[in-house]
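Trainee: Sending over a structure as structure tokens; questions will come in a sec.
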Amino acid sequence: MLRVIARPVVYLVERWLPGPLILAIVLTVIAAVAALTMTDTTPGELVMGWGEGLIGLLAFMTQVCLVLLLGYTLANTRPVHRLLVRIAGLPKTPAAAYGFVTVVAGLASLISFGLGLVVGGVMAVEVARAARQRGMKLHYPLLVASGYSGFVIWHMGYSGSGPLNAATDGGAYTDLPGGLIEITRTTFSWWNITAAFVTLAVVTVAMMLMTPKRENEIVTAPDAIFALPGGGGGGAGASADAGTGTGGDAAGAHAQTGEVRDGARTPAEWMEHFRGFTALLGVFFGIYLVMHFGSNGFDLNLDIVNWTLLCLILLLVGNARELASLVAEGGRTVSEVLLQYPLYAGLIGMMSASGLTVIVSEFFIDISSPATLGFFAFLAAGVLNMFIPSGGGQFEVMAPLFAAPADALGVQQEVVVMAIAYGDQWTNMIQPFWAIPLLAVAGLKVREILGYTTITLILSGITLGGTMLLVGAG
């Protein structure tokens, strides 16, 4: 049944869905038309709201791009990449391969959304490579879609920007009813943890059930994906090749031992290839993190998430030369994000200046009861995520609108926080903005996977929306 549903959706998406940049422009036009027809905002006010909003997320954009860049770098350090390559050979059947990629990407997304996106792409490439070596044919677009589908639970994990924002002094909840909300009441609540694993299980089974039954339906990975050593579109081998002038594991051995093949080793070359410098900085980061958590308890924010990733990278990477190579290669995973983030920041400015965000939110608030406020906040967040695909940016806009009704209706604020987080991650399955880093690694276009991730949208909507109803009723 899932294959039957997916087939026409795949056809429509491949035929009609433009690239992410064009979609951002189209959404801007739609929001502008809605603002001009539904509110009394003048064209001049709308343009000013859009223009002033362009820079509204620059600081947050830096944090987010660091998460993506550091996630890519961590996934392609030699120990982590070798682990990913090793486990890529575990699935023995096509269905197991799709399910395996979904689970690995989902678990990585709970650690960091940047890591999850990159690991989803790397695992799709490496599982496809391992399958080809043993003569097993896999439908590559479904395999990559499985990696992106695991991302549907990212906002329920360690780097969830909504819960982190609500727990951070200076964030949206600093002056809202109830004040700051500890992360133990949101991300680490029993019901959120349960919902995360139930959702991942449902999505995993769905990806497995969509396994093509006829060989003529299978689109295998293009040969170009496997052209570079160490992974399609990049990876540890390619990155080492870029930084040392050699390739594959030989480059890694050269980088980590500090040997120079031609001529005598200069002091500068020795320092660039000496692992002690990066390890020392990693130890410094580790000491700081221990002291931070020791002084502040489990106080998380995006900066701490980034420093945790950087700490791991510095402890795992071979040397400074290898680190520079990985970072340079990882830049392509954030290039389009850097271009499009200001456009969506402008959309936030436009919708805020015109009151469109308030109109959408108040519609759902007006039809809510104490038992359903969380569910309708989830739906509202899902709709607004199409126009504001930034978990932190969207949370800043929506939290003040739903916090007061929650206080008046006697609904716990953590329900609203997670409802907004769930809605944000939910419609990412058809909002291709966050697919960009994964697709940069996997070498596909967004229209090739969104037909399958639409099925993920439907099924995860049932589990996430159902969670909000159960929590509200309780």
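The values are calculated or read from the model by the stated rules, or taken from the named source; none is laboratory data. If you're wondering where the values come from, they're calculated on a predicted model, not measured in any experiment. All Cβ positions, even for glycine, are placed from backbone atoms using ideal geometry, and neighbour counts span all protein chains on display. With ligands, DNA and RNA removed, areas are computed over all heavy atoms of the protein, side chains included. Shrake-Rupley method; radii C 1.70, N 1.55, O 1.52, S 1.80 Å.
Trainee: Failed condition for Gly443, given (1) surrounded by fewer than 24 Cβ atoms within 10 Å (Cβ to Cβ); (2) farther than 19 Å from Gly330 by Cα; (3) not charged (D, E, K, R), with all others met?
Mentor: Failing condition for Gly443: (2).
Trainee: Just one of the numbered conditions (1) touching a Ser or Thr at 6+ places or on another chain (Cβ under 8 Å); (2) within 27 Å of Gly114 (Cα to Cα); (3) open to solvent by 40 Å² or more (accessible area, probe 1.4 Å) is not true of Leu409; which one?
Mentor: (2)
Trainee: Just name the residue that is modelled with the lowest pLDDT out of those in segment 422-470 that are assigned to a loop (DSSP other than H, G, I, E, B) and under 22 Å from Ser159 (Cβ atoms). Steps first, please.
Mentor: The initial filter retains those residues of segment 422-470 that are assigned to a loop (DSSP other than H, G, I, E, B), namely 430-431, 443-445, 449.
If we keep only those that are under 22 Å from Ser159 (Cβ atoms) too, we end up with 430-431.
Details: Ile430: 87, Gln431: 82.
Only one residue fits best here, namely Gln431.
Trainee: On to the next question. Inside segment 76-116, can you point out the residues that are open to solvent by less than 10 Å² (accessible area, probe 1.4 Å) and either without any contact (Cβ under 8 Å) to a residue 24 or more places away in the chain or under 15 Å from Ala145 (Cα atoms) (or both)?
Mentor: Result: Ala97, Tyr98, Gly99, Val101, Thr102, Ala105, Gly106, Ser109, Gly116.
Trainee: Here is a further query. Quick one: which helices (runs of 4 or more DSSP H) lie wholly within segment 1-114 and hold at least 3 residues that are among the β-branched types (Val, Ile, Thr) and either at pLDDT 80 or above or in contact with a helix residue (DSSP H, G or I) (Cβ under 6 Å, 6 or more places away or on another chain) (or both)?
Mentor: The qualifying helices (runs of 4 or more DSSP H) are 2-16, 20-38, 58-75, 78-87, 94-111.
Trainee: Regarding Phe402, is this residue assigned to a helix (DSSP H, G or I) and open to solvent by less than 10 Å² (accessible area, probe 1.4 Å)? Walk me through it before giving the result.
Mentor: On the way: assigned to a helix (DSSP H, G or I): yes; open to solvent by less than 10 Å² (accessible area, probe 1.4 Å): yes.
Yes.
Trainee: Can you tell me which of (1) open to solvent by less than 10 Å² (accessible area, probe 1.4 Å); (2) of a type in the set (S, T, N, Q); (3) over 18 Å from Ile153 (Cα atoms) is the one Gln394 doesn't meet?
Mentor: Gln394 satisfies all of (1) open to solvent by less than 10 Å² (accessible area, probe 1.4 Å); (2) of a type in the set (S, T, N, Q); (3) over 18 Å from Ile153 (Cα atoms) except (3).
Trainee: Filter segment 55-75 for residues that are surrounded by fewer than 23 Cβ atoms within 10 Å (Cβ to Cβ), of a type in the set (A, V, I, L, M) and over 18 Å from Ser335 (Cβ atoms) and give the result.
Mentor: Ile55, Ala59, listed by residue number.
Trainee: Please list, ordered by residue number, the helices (runs of 4 or more DSSP H) wholly in segment 168-257 having 1 or more residues that are modelled with pLDDT of 50 or more, open to solvent by less than 20 Å² (accessible area, probe 1.4 Å) and closer than 27 Å to Thr77 by Cα.
Mentor: Details: elements: 190-209, 236-244, 248-257.
Hits in segment 168-257: 190-209.
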